[in-house]
Amino acid sequence: MLTIYSDDHRLHHGKGELNDGELQPCYECPERADQVLEAVRRAKLGDIVLPDDFGLGPVRAVHDVRYVDFLQRAWGLWAAEGRSSDALPLAWPVRGMRQLEPDYIDGKLSYFSFDAGTPITAGTWTAVTTGANIAVTGAARLLAGDASAFALSRPPGHHAARDYFGGYCFLNNAAIAAQYLRDNGASRIAILDVDYHHGNGTQSIFYDRSDVLFVSIHADPKNEYPFFLGHADERGAGDGDGYNLNLPLPWQSGADKWFAALETGLTRVREFAPDYVVVSLGVDTYVGDPISQFRLESDDYLEMGSRIAALGMPLLFVLEGGYAVAEVGTNVTNVLLGATR
Ligand code: FKS
Ligand code: ZN
């Protein structure tokens, strides 16, 4: 399996996120990608190549143009106020408030976000546009006939919606890859999201469409981030009714519950018969993950990969979460090895 990777991810390195009422070191850090890259090399998964540059076309096919412009300009506007620390939002326009883009950067940061855990740094724009190119390069390889590819990038993407960032995510790499596949000849794409957290961004981007099926296994949003999306009764809207499948699980779920949900999800994917499957690959379902409450073991990721590969469909794996830094490489690589054996 080909891995697509660039060192540009290092340019996004937030100092802190709001956690337990304190500004704490970011869990989503460059060492995660270092560990995954090293494990891919160790496992001899296959060649590792740099992404091609697709420009902003594939990004704008998914994200709102005003949002993309904001992301591009945000650090410059922030730094122009004499600030050198991470850019973070302050307040959100909740029920009954006006949805108008403010002029001042502090207001814009809030308008285009949904949490205070996702700092923008000097190199965020370069890192996230390279991340999108990594995902699209993987998609292009599937279009060229590869059976699978691995988009090794950070920051992750599945919480980013059409016009807002959050959950460590800015551009929705999996959604951008799926849309690129659609725009280049594929009829139907399934996105299988196995990250511990619900992929609210991906769900919302494709919610009213029947050409992109979204299936997600995640911790029940009644107790877990992102809290406000990911319930089982969210089944899609309009043309998309029936093309969104959420499989929320309780805290402390282990392999038994998790793989039962996977079978339900895979059955729906088979019935949909997509041309390609994009896997939002988070391994924060691991028992040792510091911010999560599922109980998968490292060997379970081999099984995960082989069950997904049993679909017999072209697979694009896109890296999402996983914060047990010492084990993240092994766990991710186990999925990829399981999918190639
Ligand atoms: C815990 C606070 C939770 C946000 C968690 C974000 C999870 C991100 C992710 C992604 F794949 F996007 F990286 N903070 N006290 O793992 O879903
Ligand atoms: Zn996650």
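All of the numbers you see were taken from the coordinates with simple rules; none came from a lab. Note that the structure is predicted; figures quoted are calculated from it, not measured. Heads up, the Cβs are rebuilt from the backbone with ideal geometry, glycines too, and the neighbour counts pull from every protein chain shown.
Report, by residue number, each residue of segment 298-330 that is more than 13 Å from ligand 2 (Cβ to nearest atom) and either more than 24 Å from Thr267 (Cβ to Cβ) or of a type in the set (Phe, Trp, Tyr) (or both).
Residues satisfying the conditions are Ser298, Tyr301, Phe317, Val325, Ala326, Glu327, Gly329, Thr330.
Under the condition of being among the β-branched types (Val, Ile, Thr) and part of a helix (DSSP H, G or I), which residue from segment 176-221 is nearest to ligand 1 (Cβ to nearest atom)?
Going through the qualifying residues, I end up with Thr202.
Check Ala116 against each of (1) more than 15 Å from ligand 2 (Cβ to nearest atom); (2) in a loop (DSSP other than H, G, I, E, B); (3) within 16 Å of Leu281 (Cβ to Cβ) and name the one condition it does not meet.
The failed condition is (3).
From Asp233, Asp193, Asp183, which residue is more than 16 Å from ligand 2 (Cβ to nearest atom), touching a helix residue (DSSP H, G or I) at 6+ places or on another chain (Cβ under 9 Å) and either β-branched (Val, Ile, Thr) or farther than 16 Å from Tyr164 by Cβ (or both)?
Asp183
Sort out which residues of segment 217-234 are within 22 Å of Ala255 (Cα to Cα) and either without any contact (Cβ under 8 Å) to a residue 40 or more places away in the chain or surrounded by fewer than 14 Cβ atoms within 10 Å (Cβ to Cβ) (or both), and write them in order of number.
His218, Asp220, Pro221, Lys222, Asn223, Gly230, His231, Ala232
What are the residues in segment 303-330 that are crowded, with 24+ Cβ neighbours inside 10 Å and assigned to a loop (DSSP other than H, G, I, E, B), if any?
Glu320, Gly321, Gly322
For segment 318-339, name all the residues that are touching a Ser or Thr at 6+ places or on another chain (Cβ under 7 Å) and touching a residue at least 40 places away in the same chain (Cβ under 8 Å).
If the condition is that a residue be touching a Ser or Thr at 6+ places or on another chain (Cβ under 7 Å) and touching a residue at least 40 places away in the same chain (Cβ under 8 Å), then Val318, Leu319, Glu320, Glu327, Thr330, Asn331, Ala339 are the ones that fit.
What single numbered condition from (1) under 28 Å from Tyr5 (Cβ atoms); (2) part of a loop (DSSP other than H, G, I, E, B) fails to hold for Gly242?
The failed condition is (1).
Of the residues that sit in segment 87-98 and are under 23 Å from Gly199 (Cα atoms) and not hydrophobic (A, V, I, L, M, F, W, C), which one is nearest to the chain's Cα centre (by Cα)?
It comes out as Pro89.
Can you tell me which residue is nearest to Asp208 (Cα to Cα) among those in segment 244-257 that are buried (at least 21 other Cβ atoms within 10 Å of the Cβ) and in contact (Cβ under 8 Å) with a residue 40 or more places away in the chain?
Asn244
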